[in-house]
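These notes concern the structure reproduced below.
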C-alpha cells in the first residue's frame, strides 16, 4: 500500500501554484517534502489534506480517495499541522489539543473520558503537558509548535502531514520532534513533512518528494534522490554528499 497523489493542480488568481503533481510513496514511512521557498510545498500539503479550496486531483491512501471522503470522515484519518497556526480565541493549551477530538464527538456527547485520556497522552508525548493550562498567547513559537503537533496527535491520524514541523525549534527540540515522527512511523503512521533542512531530512526520512515551481522533480528513496546534480538543479548550489561515520546516512555539505 502507498500514499499516492494523482494529477494534483491548483491555480490561485490565474497563477499556477501546483501543476500536475503525481507521487507514490510507501505508507508507514517518513517522507520528506523538500524544495526551495515558493516551491508549492505548503499548498501541496493543503491539497493532500483536503483543506485547500479550488484544487483538482485525487489522493489515495489505504485504498481510498481521501478527497472524495466527507470532511469529518477524512479528519479521522488525516491530520495537518501547518507552519504557523494561530487562534483568535483565548484558549488554553489543553482546550486547543482537545480540538483534535472533534471528529470523534457527536452533538449529543461532545466529550468523554476517553477523549481526556487521548489528549493527556498527546500532551505528554509532545512535551506540552507542563504548560497545558496556559493560553496560547503566552507561549513561545516553539511551544506553540508542540501544541499544534499535540492537537494533530489527538486526532489519532493514520496520515500525518506537517509543514515545517521544526520551525521555531532549537536544535534539541528539532531532534526530539523528528525522533517522535520516526517512532510514529514505526508504529504504523504515514508521515509527510515539508522540511527546509536537507540534512534533517537525510537523517530521519525514508523517502523524498522534491518540488520546484509547483512541479515534482523527483520522488524516491533517500539515497536515490539526494544527489549533487539534483540538488544543484533544484536549489542552485553545489553539494557534496558524504556518509555519516556512525549511521551511514547521507550528510550534505553546501557551497555556492
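The values are calculated or read from the model by the stated rules, or taken from the named source; none is laboratory data. Source: prediction; values computed, not measured. Here Cβ is always computed from backbone atoms with ideal geometry, including for glycine, and neighbour counts include all displayed protein chains.
For the structure I just gave you, tell me whether residue 137 is within 22 Å of residue 103 (Cα to Cα) and assigned to a helix (DSSP H, G or I). Judged against the criteria, residue 137 is not a match. With respect to being closer than 16 Å to residue 31 by Cβ and either surrounded by 20 or more Cβ atoms within 10 Å (Cβ to Cβ) or in contact (Cβ under 8 Å) with a residue 12 or more places away in the chain (or both), residue 241 falls outside the description.
Just need a number here: residues in the stretch 148-178 that are within 25 Å of residue 37 (Cα to Cα) and in contact (Cβ under 8 Å) with a residue 12 or more places away in the chain.
20
Quick grid of which residues meet (1) out of contact with any helix residue (DSSP H, G or I) (no Cβ under 6 Å at 6 or more places or on another chain); (2) at pLDDT 95 or above; (3) at positive phi; (4) surrounded by 19 or more Cβ atoms within 10 Å (Cβ to Cβ):
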{"site": "94", "(1), (2), (3), (4)": "yes, yes, no, yes"}
{"site": "97", "(1), (2), (3), (4)": "no, yes, no, yes"}
{"site": "139", "(1), (2), (3), (4)": "yes, no, no, no"}
{"site": "149", "(1), (2), (3), (4)": "no, yes, no, yes"}
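Within the stretch 189-238, the set of residues being surrounded by 18 or more Cβ atoms within 10 Å (Cβ to Cβ), closer than 17 Å to residue 21 by Cβ and free of Cβ contacts under 8 Å to residues at least 60 places away in the same chain comprises 218, 225.
Residue-wise test of (1) modelled with pLDDT of 90 or more; (2) touching a strand residue (DSSP E or B) at 6+ places or on another chain (Cβ under 7 Å); (3) at positive phi; (4) surrounded by 18 or more Cβ atoms within 10 Å (Cβ to Cβ).
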position	(1), (2), (3), (4)
69	yes, no, no, no
74	yes, no, no, yes
77	yes, yes, no, no
89	no, no, no, no
102	yes, no, no, no
118	yes, no, no, yes
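Within the stretch 26-42, the residues that satisfy the criterion of being surrounded by 21 or more Cβ atoms within 10 Å (Cβ to Cβ), farther than 13 Å from residue 164 by Cβ and out of contact with any helix residue (DSSP H, G or I) (no Cβ under 6 Å at 6 or more places or on another chain) are 31, 40.
One residue alone among 58, 20 is touching a residue at least 24 places away in the same chain (Cβ under 8 Å), surrounded by fewer than 17 Cβ atoms within 10 Å (Cβ to Cβ) and either more than 19 Å from the chain's Cα centre (by Cα) or not in a strand (DSSP E or B) (or both), and that residue is 20. Taking (1) over 30 Å from residue 9 (Cβ atoms); (2) at pLDDT below 95; (3) touching a strand residue (DSSP E or B) at 6+ places or on another chain (Cβ under 7 Å) in turn, residue 199 satisfies each apart from (2).
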